[in-house]
Amino acid sequence: MKSRTIKRPIAITILATTMLGMSLVLICDRILNFYIYQFLENNAPLVDSNSINLQVVSNIAFLGFSIVPILLAIGLWYLKSWARFLSICLFSSVMFPAIAASINLISPPSASKLLEIPTVFDDVFSVDATTPASRLIVLNPYIAIGSAIALVILLMPAIGRAFHHRYISVNPED
């Protein structure tokens, strides 16, 4: 019994490759960031130990977050419907806050505010333009656009049909 294989759409190939590449870049960035802060901790006694600990926790969280797209990219590569569904959830959860931050509807909490856990989100809806923006904040419009493009690709009906493949027998006697 032979089965016909479903050809992977080129858009899924590009999306899975991009997800894998961007996750690897994020992992390398976090590892480099960790070593920079370790260097600062060893060479600058004026650096607050709480900020170093916050950086370590942040780096661990980003490393964990960057593993998820790698697993989803592998699932998309093999046209698994669970990977498509979870990728739609992932890109939606990233896109909407990035859009809100890009048009200054919300402002992420500052690093000093993160140390005050109970009040960390008290001023999330007050945008303060006097504080310097981090790299992630500057990238918010690009993150929003990239997530929107990924959602359009994943929500296209033709792409969706590729994930619902059924093995059809080529032999007419089967």
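Readers should treat all values here as calculations from the given coordinates under stated rules, not as data from a laboratory. Treat the numbers as computed from the prediction; the structure is a model and nothing was measured. Cβ: placed from backbone, ideal geometry, glycine included. Neighbour counts: every protein chain shown.
How high is the FRET efficiency from I88 to C28, r the C-beta distance, R0 25 Å, rounded to 0.05? Write down the numbers at each step before the final one.
Numbers: r = 27 Å, r/R0 = 1.07.
About 0.40, to the nearest 0.05.
Taking 0.36 nm per residue of sequence separation and subtracting the Cα-Cα distance, how much length would be gained by fully extending the chain between L105 and L139, in nm to one decimal?
Answer, rounded to one decimal: 10.7 nm.
Please give the length that would be gained between I149 and I10 if that part of the chain were fully extended, namely 0.36 nm times their separation in residues minus their C-alpha to C-alpha distance (nm, one decimal).
Full extension of this stretch gives 48.6 nm more.
V68 to F39: FRET efficiency via 1/(1 + (r/R0)^6), r the Cβ-Cβ distance, R0 41 Å, to the nearest 0.05?
E(calc), rounded to 0.05, equals 0.90.
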